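In what follows, a structure is listed as structure tokens, so that the remarks can point back to it.
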Amino acid sequence: MRPGAVVEVDRNTPPTLFHYGEGFRLERLPLGSRIIYPPDPMDPIGHPERAIRRALTKPIEDDPLKDLLRPGMKLTIAFDDLSLPLPPMASPDVRQLVIEEVVDMAAHAGIEDIQLIAAIGLHRKMTADEIRHIVGDRVFTAFWPDRLYNHDAEDPADNVQIGKTSNGEEVWLNRRALESDLVVYVNLTLVPMDGGQKSMSTGLGCYRSIKEHHTVHTLLNSNSYMHPPDSALHHSCIRQGQIIEDAVRVFHIETSLNNHAFPAIANFLQKRETDWTTSDQAAFYALKQATDLAPPDLKRTMFHSMLAPYGMTSVQAGQVDKVHDKTLEAVRSQMLVPVEGQTDVVTMGIPYLGPYNPNSILNPVLVVCLGLGYLFNLYKNKPVVREGGVVIMSHPTRYEFHSVHHPSYIDFYDEVLADTTDSAEIEKRYEKRFAEDPWYRQMYQQSYAYHGVHPFYAWYWAAHALAYLGDVIVVGGERSTVHRLGFKAATTLEDAFEMAEQTVGRYPSVSHLRTPPLLLAEVE
């Protein structure tokens with residue numbers, strides 16, 4: 001594996017790749033700028049099935065899984081939903097490999113009462129095909145739909161309050177999980193904010209428990225969601241998770257992946273521009289020409305059909321905290337890039353896909369969430385951009401929404417953001433109404449819509465960045481939409497740099513986050 005790198009731009013540096021929604025731009029950065037590249041993919045485990053069996057046989061600070069299984073018991077297997085990895089993993093998904101092993105062990109132990117729950121929290125329900133892709137044909141055929149299904153955070157009969165934390169946070173849990181003799185949680189950790197105590201408390205919770213750590217105050221006090229010790233969000237999830245662990249027996253299985261995020265047809269996206277071969281350059285220009293000419297719907301179909309050839313880099317099972325510590329070691333080994341100091345400006349290309357639009361549209365609110373909630377927070381210690389600095393994002397930012405997946409997002413954009421972009425005001429004046437709206441609730445339960453409150457949390461996700469930054473500029477964005485979000489619109493990157501100088505002064509220092517694949521900047 002070649003480690004990540006910070007490369008200074010000189011006269012010989014080729015143009016740098018910027019993602020631009022369902023397209024790309026090649027941009028020349030000012031001399032002296034630095035480009036932060038992610039590490040190359042780690043070598044995956046050669047025999048993942050063997051590694052999974054070893055983890056279940058020799059767990060960390062827990063009994064072997066087979067010793068916990070007995071005839072007549074009620075067993076529930078919960079697993080992470082399609083919000084990760086991004087892009088989706090080519091079959092077989094590592095969750096499939098883990099679940100198949102657990103189901104086989106349970107069958108060998110004579111257990112008949114087995115149910116599998118997709119831990120979606122307040123995300124949209126997955127379709128049958130989406131669930132099949134995660135769990136595989138064999139498990140899907142055996143259990144769908146009566147014993148393999150999505151968690152429903154709005155069913156009053158299926159969600160139970162089990163207590164409060166020492167800070168007074170309500171803790172709710174899926175009833176089937178609570179009444180089980182054993183819950184096996186199957187996690188896939190892509191970035192350091194995933195997994196651990198957050199899995200059960202968020203994935204199998206409801207609005208009344210999830211809202212406890214998705215407040216503006218909590219997120220403003222989370223100095224990087226990607227470094228849990230500095231995240232008030234994670235501290236709250238840990239408190240809730242400890243109540244859950246006291247109430248139900250949970251056996252945690254966590255996996256990590258390398259960052260081999262693109263298939264062969266788009267392998268140039270995996271490389272630094274200086275490493276592009278003639279065939280890489282030809283593939284880039286062919287894809288760029290196609291995306292420049294194709295209508296948005298066709299481009300989305302093409303991009304969402306891409307599956308990533310990730311490889312599993314670790315698997316561990318047992319006690320939640322000890323397991324998660326090992327998982328985070330593996331994740332950081334893949335992502336970490338040492339970066340010396342901050343800069344006045346950070347540039348980033350916003351790709352077509354984030355956690356909340358698989359097989360869907362990255363609407364304007366999700367552009368904010370992905371750029372300022374996720375990519376901005378890909379750091380440890382302190383952000384790559386200095387306080388009061390400027391973030392320049394590249395994205396078309398069209399007024400486009402998926403009417404089935406994001407109905408409350410449309411009203412959030414049209415009604416709430418027309419009134420105010422202030423997160424605290426939005427939370428105080430609008431959140432409760434959207435969260436409890438009967439129509440949004442019905443769309444979440446009966447269709448494939450994100451929960452009515454979800455656009456609020458997507459917006460709050462950027463609260464820390466918005467309070468920290470001096471300005472946000474969007475290159476190539478639809479002007480009316482960019483202005484509705486409260487940002488400045490620029491036609492070109494050069495224009496954006498001129499606008500940034502009004503905030504940070506002449507000749508600013510610049511860093512470009514060359515993602516995806518993802519990285520974690522360890523800023524000293």
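The values are calculated or read from the model by the stated rules, or taken from the named source; none is laboratory data. Being a predicted model, the structure only gives us computed values, none of them experimental. Because the Cβ atoms are built from the backbone with ideal geometry, glycine has one as well, and the counts that use them run over all protein chains shown.
Filter the stretch 298-340 for residues that are part of a loop (DSSP other than H, G, I, E, B) and closer than 26 Å to residue 384 by Cβ and give the result.
310, 340
So for the stretch 341-356 (the condition being part of a loop (DSSP other than H, G, I, E, B), over 22 Å from residue 36 (Cβ atoms), of a type in the set (Phe, Trp, Tyr) and within 15 Å of the chain's Cα centre (by Cα)), does at least one residue qualify?
yes
Tally time: how many residues in the stretch 285-314 are under 29 Å from residue 333 (Cβ atoms) and out of contact with any Asp or Glu (no Cβ under 7 Å at 6 or more places or on another chain)?
So the answer is 9.
Restricting attention to the stretch 464-477, which residues are of a type in the set (A, V, I, L, M, F, W, C) and surrounded by 24 or more Cβ atoms within 10 Å (Cβ to Cβ)?
Matches in the stretch 464-477: 473, 474, 475.
Tally the residues that are over 22 Å from residue 2 (Cβ atoms) and either in the same structural domain as residue 465 (by TED's automatic domain parsing) or at pLDDT below 95 (or both), restricting the search to the stretch 307-347.
7
Which of the strands (runs of 3 or more DSSP E) contained wholly in the stretch 414-516 include at least 1 residues that are among the acidic types (Asp, Glu)?
471-475
Answer yes or no as to whether residue 160 is free of Cβ contacts under 8 Å to residues at least 40 places away in the same chain, touching a helix residue (DSSP H, G or I) at 6+ places or on another chain (Cβ under 6 Å) and more than 25 Å from residue 427 (Cβ to Cβ).
Yes, satisfied.
Identify all residues within the stretch 106-124 that are within 23 Å of residue 90 (Cβ to Cβ), out of contact with any Asp or Glu (no Cβ under 7 Å at 6 or more places or on another chain) and not in a strand (DSSP E or B); write none if there are none.
Of everything in the stretch 106-124, just one residue is within 23 Å of residue 90 (Cβ to Cβ), out of contact with any Asp or Glu (no Cβ under 7 Å at 6 or more places or on another chain) and not in a strand (DSSP E or B), namely 124.
For residue 58, only one of the following conditions fails: (1) closer than 21 Å to residue 200 by Cβ; (2) more than 23 Å from the chain's Cα centre (by Cα); (3) of a type outside the set (Gly, Ala, Ser). What is its number?
For residue 58, the failing item is (1).
Somewhere in the stretch 149-171, is a residue assigned to a loop (DSSP other than H, G, I, E, B) and in contact with a Cys (Cβ under 6 Å, 6 or more places away or on another chain)?
Yes - at least one qualifying residue is present in the stretch 149-171.
Quick grid of which residues meet (1) of a type outside the set (Ser, Thr, Tyr); (2) out of contact with any helix residue (DSSP H, G or I) (no Cβ under 9 Å at 6 or more places or on another chain); (3) outside the structural domain of residue 398 (by TED's automatic domain parsing); (4) assigned to a helix (DSSP H, G or I):
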{"position": "17", "(1), (2), (3), (4)": "yes, no, no, no"}
{"position": "35", "(1), (2), (3), (4)": "yes, no, no, no"}
{"position": "54", "(1), (2), (3), (4)": "yes, yes, yes, yes"}
{"position": "63", "(1), (2), (3), (4)": "yes, yes, yes, no"}
{"position": "78", "(1), (2), (3), (4)": "yes, no, yes, no"}
{"position": "84", "(1), (2), (3), (4)": "yes, yes, yes, no"}
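Looking only at the stretch 10-25, which residues are in contact (Cβ under 8 Å) with a residue 24 or more places away in the chain and either loosely packed, with under 14 Cβ neighbours inside 10 Å or over 25 Å from residue 291 (Cβ atoms) (or both)?
Answer for the stretch 10-25, where residues must be in contact (Cβ under 8 Å) with a residue 24 or more places away in the chain and either loosely packed, with under 14 Cβ neighbours inside 10 Å or over 25 Å from residue 291 (Cβ atoms) (or both): 14, 15.
Kindly list, by first and then second residue, each pair from a residue in the stretch 249-275 that is of a type in the set (Val, Ile, Thr) to a residue that is assigned to a loop (DSSP other than H, G, I, E, B), limited to pairs with Cβ atoms under 7 Å and residues at least 6 apart or on different chains.
274/14
Under the condition of being of a type in the set (S, T, N, Q) and in contact (Cβ under 8 Å) with a residue 60 or more places away in the chain, which residue from the stretch 185-220 is farthest from residue 114 (Cα to Cα)?
Across the stretch 185-220, the extreme among qualifying residues is 215.
Residue 86 - would you say it is within 22 Å of residue 352 (Cα to Cα) and surrounded by fewer than 16 Cβ atoms within 10 Å (Cβ to Cβ)?
Judged against the criteria, residue 86 is not a match.
Anything in the stretch 79-106 that is in contact with a strand residue (DSSP E or B) (Cβ under 8 Å, 6 or more places away or on another chain) and farther than 25 Å from residue 191 by Cβ? List them, or say none.
Correct list: 103, 106.
How many of the residues in the stretch 159-190 are of a type in the set (D, E, K, R) and either modelled with pLDDT under 95 or farther than 20 Å from residue 76 by Cα (or both)?
Looking only at that region, the number is 3.
Within the stretch 176-228, restricting attention to residues that are of a type in the set (S, T, N, Q) and outside any loop (DSSP other than H, G, I, E, B), which residue is nearest to residue 314 (Cα to Cα)?
By that ranking, first place goes to 189.
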